[in-house]
Amino acid sequence: MKFKNIIFDLDGVLINSRSNMNLSWTNTAKKFDLKINFKQYEKYIGLPFKKILTKLGIKKNFLGIEKTYSQQSIINLNKIKLYPNIKKILKDLDKNKIPYSIVTSKDKKRSLRIIKKFKIMPKSLHTPNKKLRGKPYPDHINYCILKNKFKKKHTCYVGDTHADYLASNRAGIKFIFANYGFGKNFRIYKYRIKNFKGLKKFI
C-alpha cells in the first residue's frame, strides 16, 4: 500500500532511546529502592508511564517516580540517537508532500526537546494529556487525524509495540511494524519494516 499521511511513534521508531531509558530507569529505581530492573520495565515500553508503573506492581510514589525518571531522561539526553536514514527519509516525505505527525507516550517536555535537538519538524506532535487516553486506546491517533484533516484510508501509524498496533487498529488505520524497535514481531502485523529505509515502499 501507498500512504499519503504518516503518523509515527517516537521511541523505537524515530529515535533509539534504549540506553537513555536504561540509565534513567536504573537511577530512578535505585532512588526509590525499587527491585525492578530495566528488562522488566522494557516489556511495557509504549504504554503511558503511569500504566507501566501499575503493570510493574508499583502502588505508590507515582508522581515522584515519574518526575525523577523525566529528570534523568533529560540529564541523559545525549544517550538518545536517531536511527539510520531518519533525516533522509523525512526529507523525502517533505519532498513528496507527504505530511507526517508524531503520537507518543513520552511527555511533551521531553518530546519537544528531542525533536528540537534532531531538527525533526512534524505537522503536529501529540503527547499525553488529561483529556485523551493513552495507547492502546486510539484517542491521540484519532485526534491527530481530525486536527490534520487526514483521511483514514490514506493514513498509517508506524510503531514498534503491540500497544501501537492496538491503537492504530482501533482508530481504523493501517499499522506498520518497526521491527528494529522495542516490541515483539507478531504474525498479525501485515506490514513491517526491518529498518527505517524500508518505509520507502509505502510512500
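The values are calculated or read from the model by the stated rules, or taken from the named source; none is laboratory data. Because the structure is a prediction, the values reported are computed rather than measured. Here the Cβ positions follow ideal geometry from the backbone for every residue, glycine too, while neighbour counts run over all protein chains shown. Side chains are part of the model used for accessible areas, which takes the heavy atoms of the whole protein and leaves out ligands, DNA and RNA. Shrake-Rupley method; radii C 1.70, N 1.55, O 1.52, S 1.80 Å.
Might you check whether a residue that is in contact (Cβ under 8 Å) with a residue 40 or more places away in the chain and among the hydrophobic types (A, V, I, L, M, F, W, C) occurs anywhere in the stretch 126-134?
Of the residues in the stretch 126-134, the ones in contact (Cβ under 8 Å) with a residue 40 or more places away in the chain are 128, 134.
This time we only want the ones that are among the hydrophobic types (A, V, I, L, M, F, W, C), so: none.
Taking every residue of the stretch 126-134 in turn, none turns out to be in contact (Cβ under 8 Å) with a residue 40 or more places away in the chain and among the hydrophobic types (A, V, I, L, M, F, W, C).
Reported count of residues in the stretch 17-43, each being open to solvent by 60 Å² or more (accessible area, probe 1.4 Å), under 30 Å from N142 (Cβ atoms) and modelled with pLDDT of 95 or more, is 1. Restricting the first member to the stretch 72-92 and to residues that are modelled with pLDDT under 95, and the second to residues that are surrounded by fewer than 13 Cβ atoms within 10 Å (Cβ to Cβ) and not in a helix (DSSP H, G or I), no beta-carbon pair is closer than 6 Å while six or more apart or on different chains. Of the residues making up the stretch 91-109, those that are outside any loop (DSSP other than H, G, I, E, B), open to solvent by less than 20 Å² (accessible area, probe 1.4 Å) and closer than 26 Å to N22 by Cβ number 2. Please work out if K147 is within 19 Å of L125 (Cα to Cα) and not acidic (D, E). Here the answer is yes, as K147 does meet what is asked. Within the stretch 93-116, the set of residues being basic (K, R) and touching a residue at least 12 places away in the same chain (Cβ under 8 Å) comprises K106, K108, K109, R110, R113. The strands (runs of 3 or more DSSP E) found entirely in the stretch 129-203 that carry 1 or more residues being over 21 Å from R110 (Cα atoms), open to solvent by 10 Å² or more (accessible area, probe 1.4 Å) and at pLDDT 95 or above are 174-178, 191-193.
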